Amino acid sequence: MSWTKVVAITGCDSGLGWSIAARSAREGFITVAGMYNGINTEAAKSLNRLRAHPHKLDITDASSILSFYDYVKKILHDNNNYELYAIVNNAGVMTIGDYEWQTPKIIEDTININLLGTMNFTSAFLPDLRRNALKNKNNPRIINVASHCGLQPLPGFGPYSASKAGLLAWSKALRLEHMNMGLKVVSFIPGGFVGASNLMTNQYSNANAMVEHLTEEQKSLYETKIRRLNDYLKLASNNSRFDSLKDENIIETFMMALTDENPKTMYKVESWRYKLYYNLFKFPLPDKSYRWLINKFLDFPK
């Protein structure tokens, strides 16, 4: 029997998630797209027109994960030649700001979505993927969307870096646990695309929450810096169109992670600027030189 491959993707409301769901559907995968904002948005309707299957999904809500899982299982049950091939853990959030500024809610949301929610979503599908791997069906895989910040933590990205470093560590452990069963676990690092996504959609409101969270002593030290940084980041935190990601290198690299018969453990997209700085970060520089280099890379207002 010729199997038709089913792919389930989280965080498909905009940016990378929408783009890889759209491309997967165009390539003939039965694509089930997790939509945090529901199925009545223009993003969801556009995926519908591509014959994808949008479905409401909040990966921090166990009942939402179960509903999504049941929806995927129904698609598989109703089509005897369909097999679950891959899940793609793409959903994520990012708020920029020093750790001391960030509220407990901002920190918890970052960890709960980027790491714990991803783990819980994977747990729902893992037995099915493992069984398919043991049957030698189609090289099933888990693809986790990570970040350069998980490889190299940066100031201002503490909780985000922690969540993505945790994701990379967990991905490696999961891969080693299942390698003898044939289940592939792949990390995908897409590089910089913040301006073409809603990854930072809460940046502006979170910055205001940061200021309110501070003590008077902390405000005297940090408030002006937070306001300036937030003004600088305002453009990136504006809601982008759901289909605004146009970087073909990112999409093509993802498709290799999805379709390579023997996928690499990590696929990474790097501009020359990212490659230069992240290679320089590996050198054992004095702290002052290291911080100067990071400041040059981030180019945040002083």
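Report, ordered by chain and residue number, the lysines lying within cross-link reach of LYS219, taken as a straight Cα distance under 25 Å and ignoring same-chain residues fewer than 8 apart.
Candidates past the 8-residue exclusion: LYS105, LYS234, LYS302.
Given a 1.4 Å probe and every protein chain left where it sits, what share in percent of the accessible area of the chain is carbon and sulfur? Write down the numbers at each step before the final one.
Values: 7700 of 14820 Å².
With neighbouring chains kept in place, the figure for the chain is 52 percent.
Relative to the longest principal axis of the chain, what angle (0 to 90°, nearest 10) does the C-alpha long axis of helix 118-134 take?
Value to nearest ten degrees: 30.
Report, to one decimal in Å, the Kirkwood hydrodynamic radius for the chain based on all distinct Cα pairs.
Details: mean 1/r = 0.0497 Å⁻¹.
For the chain, inverting the mean 1/r across all distinct Cα pairs yields 20.1 Å.
Can you give me the convex hull volume of the Cα atoms of segment 209-259, divided per residue and expressed in Å³? Show your work: numbers first, answer last.
Numbers: hull volume 7.0 nm³, N = 51.
For segment 209-259, the hull spanned by Cα atoms encloses 138 Å³ per residue.
Sorted by mean Cβ packing within 10 Å, highest first, what order do the peptides 272-278, 44-50 take?
Working: 272-278: 13.0, 44-50: 16.7.
The most tightly packed comes first, giving 44-50, 272-278.
Determine by what factor the alpha-carbon radius of gyration of segment 1-44 differs from 2.2 N^0.38 Å, reporting the quotient.
Working it through for segment 1-44, the quotient is 1.18.
With +1 on each Lys and Arg Cβ and -1 on each Asp and Glu Cβ, and nothing else charged, work out how big the dipole of segment 126-258 is about its Cα centre, in Debye to the nearest 20. Mind showing how you got there, number by number?
Numbers: 16 positive and 11 negative charges, 126 e Å.
Approximately 600 debye in magnitude.
Quick one: accessible area per residue over the chain, 1.4 Å probe, rounded to a whole number of Å²?
On the way: 14820 Å² over 302 residues.
It amounts to 49 Å² per residue over the chain.
Is there a quick way to get the dipole size of the chain? I mean about its Cα centre, with the Cβ of Lys and Arg at +1 and of Asp and Glu at -1; what is the value in debye to the nearest 20?
Around 760 debye, computed over the chain.
So the label point goes 7 Å from the Cα of ALA173 along Cα→C-beta, right? Which residues of segment 122-151 then have their backbone N under 15 Å from it?
Residues passing the 15 Å test: 122-123.
Ranked highest first by the average count of other Cβ atoms within 10 Å around their residues, in what order do 128-135, 164-171 fall?
Values: 128-135: 17.1, 164-171: 19.4.
Going from most to least packed, we get 164-171, 128-135.
Given labels modelled 7 Å from the Cα in the Cβ direction, how far is it in nm from LYS219 to GLU42?
3.9
Between TRP292 and ASN208, what is the spin-label point distance in nm, taking each point 7 Å from the Cα along the Cα→C-beta axis?
The modelled label-to-label distance comes out at 4.0 nm.
Given all pairs of different Cα atoms, what value in angstroms does the Kirkwood hydrodynamic radius of segment 142-251 take?
Radius from the Kirkwood sum: 16.4 Å.
From the alpha carbon gyration tensor of segment 58-189, can you work out the equivalent ellipsoid semi-axes (sqrt of 5 times each eigenvalue) and give them in Å, largest to smallest?
The equivalent ellipsoid of segment 58-189 has semi-axes of 30, 17, 10 Å.
Show that you can apply the helix-only estimate: for the chain, add -39,500 (n - 2.57) for every DSSP H stretch of four or more residues, divide by all residues, and state [θ] at 222 nm to the nearest 500. Don't skip to the answer; put the middle values down first.
Values: 12 runs with 153 residues, N = 302.
About -16000 deg cm²/dmol.
What aspartates and glutamates sit close enough to LYS288 to cross-link, taking a C-alpha to C-alpha distance under 20 Å and skipping anything fewer than 8 places away on the same chain?
Excluding near neighbours in sequence, the set is ASP98, ASP299.
Quick one: P(r) of segment 189-302 from all Cα-Cα pairs, 5 Å bins, percents rounded to integers, in order of increasing distance.
2, 10, 13, 14, 16, 17, 13, 8, 4, 2, 1, 0
Lys/Arg Cβ at +1, Asp/Glu Cβ at -1, dipole of segment 76-230 taken about the Cα centre: which of ILE189, THR122, HIS77 is farthest positive-ward?
HIS77
The values are calculated or read from the model by the stated rules, or taken from the named source; none is laboratory data. On a predicted model such as this, the values are computed, not experimentally measured, just so you know. FYI the Cβ positions are ideal-geometry reconstructions off the backbone, even for glycines, and counts take in every protein chain you see. We work out accessible area using only protein heavy atoms, side chains counted, and drop any ligands, DNA or RNA first. Shrake-Rupley method; radii C 1.70, N 1.55, O 1.52, S 1.80 Å.
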